[in-house]
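**Student:** First, the structure itself, so that you have it in front of you.
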Amino acid sequence: MAASDDFKLKLPSNPCMRSARAPVGPTGQQSCCSTNTRAGYAAALAEANGPAAGLAVLESIDTEAVSHYQPYWAVRAHLLQRLGKTREATDAYDRAIGLAEDPAVREFLLHKRG
């Protein structure tokens, strides 16, 4: 379903469910979000509310935490491509392709990159 001006999916600003049992990090805040949860949330948010919204979530993730996380780079590439940022999208696709271990995933990303 594409997002329209009349309909925007209301997703929580934080993809993590905060509860009394969520682990607390060194800053005293709950640190329950894994990188894959946040990358998946970014993809879902982008489908509901547009690629800029999803990209904003991705950009809030520490780059070092995702340097070798292939799904992050694949989602980032897709969103940049949707925003018309061809050069940045190509760089992200190249990173995702380089990190892909599955030949079918590599082929898919090569096709998407164009």
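Yes/no per residue for (1) in contact (Cβ under 8 Å) with a residue 60 or more places away in the chain; (2) touching a Lys or Arg at 6+ places or on another chain (Cβ under 7 Å); (3) within 20 Å of residue 110 (Cα to Cα):
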{"position": "49", "(1), (2), (3)": "no, yes, no"}
{"position": "60", "(1), (2), (3)": "no, no, no"}
{"position": "65", "(1), (2), (3)": "no, no, no"}
{"position": "85", "(1), (2), (3)": "no, no, yes"}
{"position": "89", "(1), (2), (3)": "no, no, yes"}
{"position": "92", "(1), (2), (3)": "no, yes, yes"}
{"position": "97", "(1), (2), (3)": "no, yes, yes"}
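**Student:** If you don't mind, another one. Taking residue 114 and the conditions (1) at pLDDT below 95; (2) crowded, with 19+ Cβ neighbours inside 10 Å, which numbered condition does it fall short on, given that it satisfies the others?
**Tutor:** (2)
**Student:** Same structure again: When you go through (1) at pLDDT below 95; (2) surrounded by 12 or more Cβ atoms within 10 Å (Cβ to Cβ); (3) farther than 22 Å from residue 113 by Cβ one by one for residue 53, which number turns out not to apply?
**Tutor:** Of the numbered conditions (1) at pLDDT below 95; (2) surrounded by 12 or more Cβ atoms within 10 Å (Cβ to Cβ); (3) farther than 22 Å from residue 113 by Cβ, the odd one out for residue 53 is (1).
**Student:** Residue 84 passes all but one of (1) in contact with a helix residue (DSSP H, G or I) (Cβ under 6 Å, 6 or more places away or on another chain); (2) on the phi > 0 side of the Ramachandran plot; which number fails?
**Tutor:** So residue 84 meets the others, but not (1).
**Student:** With respect to residue 101, determine if the residue is more than 17 Å from the chain's Cα centre (by Cα) and modelled with pLDDT of 95 or more. Spell out the reasoning first.
**Tutor:** On the way: more than 17 Å from the chain's Cα centre (by Cα): yes; modelled with pLDDT of 95 or more: yes.
So residue 101 fits the description; yes.
The values are calculated or read from the model by the stated rules, or taken from the named source; none is laboratory data. The structure presented is a predicted model; accordingly, all values stated were derived computationally and were not measured. So basically every Cβ, Gly included, is an ideal-geometry build from the backbone, and we count neighbours across all protein chains shown.
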